[in-house]
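A short reminder: the numbers here are calculations on the coordinates, not readings from a lab. Keep in mind the model is a prediction, meaning the values are calculated, not measured.
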Amino acid sequence: MRRDVFQAIADPIRREIIELLSEEALTVNAVADKFDVSRPAISKHLKILEECGMIAVNKNGRERFCMIQPKELIPAFMWLEQYKKLWENKLDSFENYLMKLQSKNIDKQENE
C-alpha cells in the first residue's frame, strides 16, 4: 500500500521524527532513543515514513540509517501554501479590528 505525505505528517511523532532527521541521518535505534515510545512503535512510524517516500533507510553493516527525503514534503508544502494567503488576510483583518477597538477604548478613556 502506497501512503501519501499527508498520512506521514498527520501524526505528531512522525513530524518529530522528520524534524530530527532533517538535522542529520540517524540509526533506527538513535531515533527510538529520542522518544518515550516502544521501539516497535517507532519502527512502525519509520515504516510509514519510508512507505510515503519521506525517508530512506539504508543498511550499513548491522546498522540501519534513516535519512530524510525532503523533496517528498513538496506536495504538503504546496497544499499549505495556497492557504497561507487566506490566513494571512484573515489575521491581518483581525489585527486591524483589534487595533480599532483599542483605539476606541483609548479615545473613550481620554474623554472621561
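Spelling out what I want: for every residue of the range 39-46, take phi, set θ = phi - 60°, compute 6.51 cos²θ - 1.76 cosθ + 1.60 (Karplus), and round to whole Hz; glycine and proline get x.
Along the range 39-46, the couplings run 4, x, 5, 5, 4, 5, 4, 5 Hz.
If you plug each phi of the range 9-21 into the Karplus form 6.51 cos²θ - 1.76 cosθ + 1.60 with θ = phi - 60°, what whole-Hz ³J(HN,Hα) values come out, in order, with x for Gly and Pro?
Karplus-based 3J(HN,Hα) across the range 9-21 equals 8, 5, 9, x, 5, 5, 5, 5, 4, 4, 4, 4, 6 Hz.
Excluding same-chain residues fewer than 8 positions from K34, which aspartates and glutamates have a Cα within less than 18 Å of its Cα?
D11, E16, E19, E23, E24, E63
Using the scaling law 2.2 N^0.38 Å as the reference, what is the normalised Cα Rg of the chain?
1.67
How large is ³J(HN,Hα) for each residue in the range 47-56, as worked out from phi by the Karplus curve 6.51 cos²θ - 1.76 cosθ + 1.60 (θ = phi - 60°), to whole Hz, x for Gly and Pro?
Listing the rounded values in order: 5, 4, 4, 5, 4, 7, x, 6, 9, 10 Hz.
As a check on your grasp of the helix formula, calculate [θ] at 222 nm for the chain: sum -39500 (n - 2.57) over DSSP H runs of n ≥ 4, divide by the residue count, round to the nearest 500.
-21500 deg cm²/dmol
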